[in-house]
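Heads up, the thing below is written out as structure tokens.
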Amino acid sequence: MHLSWQWLLTITSAFSITQAHANSWNMPVGVTDISQDIFGLHMAIFWVCVVIGVIVFGVMFYSLFKYRHSKGEKAANFHEHTSVEILWTAIPILILVGMAVPATATLKSMYDSSEADLDVMITGQQWRWRYEYLGEDVAFTSNMSTSRAQIRGEEARDEHYLLDVDEPLVLPINRKVRFLMTSDDVIHSWWVPELAVKQDTIPGFINENWVKINEPGIYRGQCAELCGVNHGFMPVVVHAMEEEEFEAWLAERKEAAEQEAMGVDREWEMEDLMARGETVYQTICSSCHQSEGQGAPPAFPALANNNQLISDLDWHMNRVINGVSGAAMPAFRSTLNPVEIAAVVTYTRNAWGNETGDVVQPATVAERIAQ
Amino acid sequence: MAPKLPPQHSLQHSSTAAAGGHSHHDHAAQPKGILRWVLTTNHKEIGSLYLIFSLTMFFVGGIFALVVRAELFQPGLQLIEPEFFNQMTTMHGLIMVFAAVMPAFTGLANWMIPLQIGAPDMALPRLNNFSFWLLPVAFTLLLSTLLMPGGGPNFGWTFYAPLSTTYAPASTTFFILALHIAGISSILGAINIIATILNMRAPGMRMMDMPLFVWTWLITAFLLIAVMPVLAGVITMMLMDINFGTSFFDAAGGGDPVLFQHLFWFFGHPEVYIMILPAFGIVSAIIPTFARKPLFGYASMVYATAAIALLSFLVWAHHMFIVGLPLTAELFFMYSTMLIAVPTGVKVFNWVTTLFRGSISFEPPMLFALAFVVLFTIGGFSGLMLAIAPADFQYHDTYFVVAHFHYVLVPGAIFAIMAGVYYWLPKWTGYYPNERLAQCHFWCSIVGVNLTFFPMHFAGLAGMPRRIPDYALQFADFNMLSSIGAFFFGASQLMFVLVVVMCVRGGKKAPAKAWEGAEDLEWSVPSPAPLHTFETPPVFNRTHHHD
Amino acid sequence: MWSVVKSVLSALLGVQNDLKRQQDFSSGNPAAFIVVGIVITLVFVLILVGIAVIASR
């Protein structure tokens, strides 16, 4: 099917400026068969529009020039011509049918997510992505890593300004990867132009999409559906690598996950929890509660000098683990592991003048989650 | 044809027929000063009120857009915070759609429909007054939410749940109330327009003799009555979800966030046609006038308008190609969307053929109407591209879409409104608008509108999502151009105000038939049109109408 | 009746001539046009659904 109208691609790409340069003006050709099909459709319909435009505007501007009143031109008085009207109705219909056939074929292959080699669960959260390699025990969140100083113009902006993350989604090339997409809060939309995958993530529902990447590389995109205040700061980065490289990476991540799981049972020192907690806080919590815990009331309460938080450890843990229903605070029981929750609770109870001295152990958190 | 009558107040208390216009009930002296405007039941005065309100809101919404464009002038956050940015994009959309474009068309309808069909006034004059005065109430309430704790609506003019319910600011309930009031105003206005058109045509004027502006408004009014209740329903469901613990749009309670989008776009897509069909009517009046040649395919135009109106109910989910609809649904909506391009294309072909072998002059209304044809068609082309569902997976929610709908709404709907204002100003004020200034306004607007919106196509194709307060560096050039264009366009509109104000105060005198090629009934009453016209119904002379 | 159906079909295409329009508007029963319009719209929807179902197989 893809081959059957390869000619469209060839013709249209001959017209377009060299594809490497076209990137900044035009839709990317992309690195999947689907993205190339879509590019072909895009260019085909574009040239159809150009041709119709040249004809229609040609007649129009010719008339405007030729039949000027100022030239003493007398108006004709015809106002109907059924066969012309039938012609200009029939031709567009034929063109549209001609476009609908390849579009239908592409759409069908986009919808065929069967027989995937790997399943990845993508979860949108305000304002980060969580990736879970199903059946592999590997999961992590991916946050924008562009610094606030760059956004504020206090530092020079780097090449991938706003399009860089702490941990990209790693995928193998040449394998069919199925995405199962959902959201924990509002609707987001996961989009990577080079992969031609854009799919809404909807709370409470799972959407499917799939990708089979032909070339290794790093592909960048953004959340495409308005999802709240940091919608513009929710990039997607996909790192596509050779299959062996991917297997090695996956094995390494599995091992790290096992290490982390063992960390739950041991007794942690306060400094270690504070250090870990600061990292977690700055990547996960600071987008709402701000980097110094000052919050942004009324939507996002302050944590620094928050009397309820300081006086009630139980309440505090409950908020982090179970979230607040009907508000922006999500439940972190499944997105963060017990070590991370313990660390971040310990950190917020001892930072910015919240000097409670409380140390929360991962084991305690694990117990709470199990209840 | 129509007798010139001294201004006198007549009370119309029957909506049944044109004959109602005969009965004169002299009563207490007409209120003076502000009360005259608050209590007026005259279609011309109410029309003016609508137009002034709309122009004011056009500038309010325009300032919001300029705040957005100023922030987007360069990468980085310079002027405003993302939270306020979201409120600005949302308010810009809501104000422009519900407070600028729609009331402008209602204003033109109020002024011109009775004049074009030879009726003394609207069928329901007091209702007319009520539906206007609901608008300032609704939009004062809506704008006041910006000052409330937590800020105003920040979820986009499409207000997708659950961002607009569970995660919305506290002011959302006021936003819902404001939209309800505006919706009631629209429905009442539509009822009035239908009643007027069906009952109050001059003796001898059949439906088929009506000018296209009247026809398109008749069909638009039916669309309004069909879909505004759907909007009212969906915002009421939001209200329940927010305040009364229901879960229409909350999956945790068994609801469905996608249901919101189906309901919203079942309203929203016909709404798009509500904003463009009257524009078709205005352009179809202006082009034959200045080409001095009857409209090519008047009959086809009427039928195509009806077809577009019906099809507009069948295409709503093309706004939702990436929400995960089943394949069959995607195909259905792709096909139906492609098909609606056909009757729309027919209209463009008809206008172009009307120009062919005409005798064309380029007065300001004609300039705007011609720009409408070209630029609306460009918006139509990008619409055709968006209809291709697989490609829409790339276009959706990018600046390509922003470029598309601004092309159909700014040089589309708004240019048509301006064309209409320039066309009918001589009738309203008795003077021609200042030709030179109007041309200057036109050329500045043309440059501004294209500089603003054309680069957005490229930004979108290159991958810039819409509704973001800051963007990656590769989009910087396009955004800088758009921002410069936006400020230029915004400033150019001050010229429009100047032309209108000057035209009200004086200028070159206009005769009753202000334009050489103008045909319709409104040109048979003196310029300026006296407060009361057609109190004795004119005899409609069919011979030079479309036959 | 057949002329009403033909008129509504040509409305869908946006092609109609003046003579036919004269006849349509003088025959005088708008209800017929509205009913036939709605029925044809429904038929149109069903045909489109049918095509979509077949195409998505």
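What the table below lists for this structure:
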{"item": "Residues of the stretch B:299-334 that turn out to be open to solvent by less than 10 Å² (accessible area, probe 1.4 Å), of a type in the set (Phe, Trp, Tyr) and farther than 24 Å from residue B:158 by Cβ, as a count", "result": "0"}
{"item": "Qualifying positions in the stretch A:55-74 - open to solvent by 40 Å² or more (accessible area, probe 1.4 Å), assigned to a loop (DSSP other than H, G, I, E, B) and either under 30 Å from residue C:19 (Cα atoms) or facing chain B (nearest Cβ under 7 Å) (or both)", "result": "A:73, A:74"}
{"item": "The stretch B:499-537: number of residues that are within 26 Å of residue B:209 (Cβ to Cβ), open to solvent by 20 Å² or more (accessible area, probe 1.4 Å) and in a helix (DSSP H, G or I)", "result": "1"}
{"item": "The lone exception for residue A:322 - which of (1) within 14 Å of chain B (Cβ to nearest Cβ); (2) at pLDDT 90 or above it fails", "result": "(2)"}
{"item": "Of the criteria (1) away from chain B (no Cβ under 14 Å); (2) open to solvent by less than 10 Å² (accessible area, probe 1.4 Å), which one residue A:274 fails", "result": "(2)"}
{"item": "Condition met for residue B:341 (open to solvent by less than 10 Å² (accessible area, probe 1.4 Å), in contact with a Leu (Cβ under 9 Å, 6 or more places away or on another chain) and at pLDDT below 95)", "result": "no"}
{"item": "Residue A:143 at the interface with another protein chain (Cβ under 10 Å from one of its Cβ atoms), buried (at least 18 other Cβ atoms within 10 Å of the Cβ) and within 30 Å of residue A:256 (Cα to Cα)", "result": "no"}
{"item": "Residue selected from the stretch A:211-223 under the condition outside any loop (DSSP other than H, G, I, E, B) and open to solvent by 40 Å² or more (accessible area, probe 1.4 Å), by the criterion nearest to residue B:395 (Cα to Cα)", "result": "A:220"}
{"item": "Qualifying residue in the stretch B:76-94 (condition: touching a residue at least 40 places away in the same chain (Cβ under 8 Å), part of a loop (DSSP other than H, G, I, E, B), open to solvent by 10 Å² or more (accessible area, probe 1.4 Å) and not charged (D, E, K, R))", "result": "yes"}
{"item": "Pair list, Cβ under 9 Å, 6 or more apart: the stretch B:448-474 residue more than 7 Å from chain A (Cβ to nearest Cβ), other residue acidic (Asp, Glu) and buried (at least 21 other Cβ atoms within 10 Å of the Cβ)", "result": "B:466/B:397"}
{"item": "Unique residue being surrounded by fewer than 17 Cβ atoms within 10 Å (Cβ to Cβ), in a helix (DSSP H, G or I) and under 33 Å from the mean Cα position of the chain (by Cα) when the list is A:282, A:308", "result": "A:282"}
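So that you can scan it fast, the table gives a plain yes or no per residue for (1) open to solvent by 10 Å² or more (accessible area, probe 1.4 Å); (2) touching a strand residue (DSSP E or B) at 6+ places or on another chain (Cβ under 9 Å); (3) outside any loop (DSSP other than H, G, I, E, B):
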residue: A:182; (1), (2), (3): yes, yes, yes
residue: A:191; (1), (2), (3): no, yes, yes
residue: A:198; (1), (2), (3): no, yes, yes
residue: A:205; (1), (2), (3): yes, yes, no
residue: A:209; (1), (2), (3): yes, yes, yes
residue: A:225; (1), (2), (3): no, yes, no
residue: A:245; (1), (2), (3): yes, yes, yes
residue: A:251; (1), (2), (3): yes, no, yes
residue: A:255; (1), (2), (3): yes, no, yes
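The values are calculated or read from the model by the stated rules, or taken from the named source; none is laboratory data. The model shown is predicted, which means the values in this text are computed figures rather than measured ones. Using ideal geometry, Cβ is built from the backbone for each residue, glycine included, and neighbour counts are taken over all protein chains shown. Accessible surface is based on the protein model in full, side chains and every heavy atom, while ligands, DNA and RNA are left aside. Shrake-Rupley method; radii C 1.70, N 1.55, O 1.52, S 1.80 Å.
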